[in-house]
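The values are calculated or read from the model by the stated rules, or taken from the named source; none is laboratory data. Computed from a predicted model, the values in this text were never measured in an experiment. Cβ coordinates were reconstructed from backbone atoms using ideal geometry, including for glycine residues, and neighbour counts include every protein chain displayed. The area values use the complete protein model at the heavy-atom level, side chains included, leaving out ligands, DNA and RNA. Shrake-Rupley method; radii C 1.70, N 1.55, O 1.52, S 1.80 Å.
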Amino acid sequence: MRSNRRLRWATIPIAATMVVVLAGCTQAQLRGFMPGEPGVTNHTDRVTGLWVTSWIVLLVVGILTWGLIIWAAIAYRRRKGQTGLPVQLRYNLPIEIFYTIVPLILVLGFFAFTARDQDAIESDPGDPDVTIEVYGKRWAWDFNYLNEGPGGDGVFSPGIQAEETDGPETINYDTLPVLYLPVDQKVQIDIHTRDVLHSFFVVDFLYKKDMVPGKTNYMYFTPLKTGTYIGKCAELCGEYHSLMLFQVKVVEQDEYDDYIQSLVDAGQTGTLGEDYIVNQNQPGTEASETD
């Protein structure tokens, strides 16, 4: 009875401390310091949930492990007057089963939840409202808005490498390539590269996709919040990799339609496709004799 009472009094300050700590967490801390805000796309909350839950589980395991190490060091320390070796124990079957089964359960759990969320994010929902081709190139981006413009032949927006400045802003954001997306519309992005490996990464969308020569990758999502988001290449691709930046503007449908019309008015109809790929020796192409 006395030990139960002591245990009860010991848990009260621990529980009170946990309540105070959790109550004092900011929204950024509750999201595991992930960039962006909740609900930027239909996938970001899923990614954040997996991230935060994984860290909670790992912290619990860490606290238990550290606690057992400290407890063993104190409880089984050498007392004054003791000599020789302590009693040597081995072949403790319950403990061996415990430290084999628990890590196995953790690994299987992490795998199962990761596979579940990855399948949901990678699955093609079909019937996209907007289909866009993204071409990475050293060291900028080209965007093709498929099925837009006169006759649905597409319109394009070529991009240039980020320009450095001497002012407080080291990058001139006004000249960055811009990808426009309509809010609350299903988006499919076809991802290509014109030369080397790149990686298409919109930071606040919490997802990136590699751009592999000779291969087309895809992203499927629905942007849920209007705003301007920064994008970058997330794969080291050469000398000016750090300047391979772009912006994503998620806008209302009317503003998106006006932007598409502005590309048509500028004569940027059709697409910037595979004719501009500089690799002549990748699968499916044949180099000329002079090459």
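Odds and ends about this structure:
- Tally of residues being in contact with a Phe, Trp or Tyr (Cβ under 6 Å, 6 or more places away or on another chain) and of a type in the set (A, V, I, L, M) across segment 188-205: 2
- The listed residue being in contact with a Leu (Cβ under 9 Å, 6 or more places away or on another chain), more than 18 Å from Val187 (Cα to Cα) and β-branched (Val, Ile, Thr), out of Thr100, Thr131, Thr48, Thr65: Thr48
- The residue that is farthest from Tyr259 (Cα to Cα), among those in segment 132-168 that are among the hydrophobic types (A, V, I, L, M, F, W, C) and without any contact (Cβ under 8 Å) to a residue 40 or more places away in the chain, is Ile160.
- Scope segment 175-198; condition among the charged types (D, E, K, R) and not in a loop (DSSP other than H, G, I, E, B); matching residues: Asp190
Every residue, every condition in (1) within 24 Å of the chain's Cα centre (by Cα); (2) under 15 Å from Trp139 (Cβ atoms); (3) touching a residue at least 40 places away in the same chain (Cβ under 8 Å), yes or no:
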position: Asn217; (1), (2), (3): yes, no, no
position: Leu224; (1), (2), (3): yes, no, yes
position: Tyr229; (1), (2), (3): yes, no, yes
position: Ala234; (1), (2), (3): yes, yes, no
position: Val250; (1), (2), (3): yes, no, yes
position: Gln253; (1), (2), (3): no, no, yes
position: Asp258; (1), (2), (3): no, no, no
position: Ser262; (1), (2), (3): no, no, no
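- Members of segment 199-236 that are aromatic (Phe, Trp, Tyr), closer than 18 Å to Gly273 by Cα and either in a loop (DSSP other than H, G, I, E, B) or open to solvent by less than 40 Å² (accessible area, probe 1.4 Å) (or both): Phe200
- Tallying residues that are open to solvent by 10 Å² or more (accessible area, probe 1.4 Å) and over 22 Å from Asp275 (Cβ atoms) within segment 177-198 yields 7.
- Helices (runs of 4 or more DSSP H) enclosed by segment 1-79 - at least 3 residues per element that are open to solvent by less than 100 Å² (accessible area, probe 1.4 Å) and either modelled with pLDDT of 90 or more or farther than 27 Å from Thr222 by Cβ (or both): 2-23, 44-75
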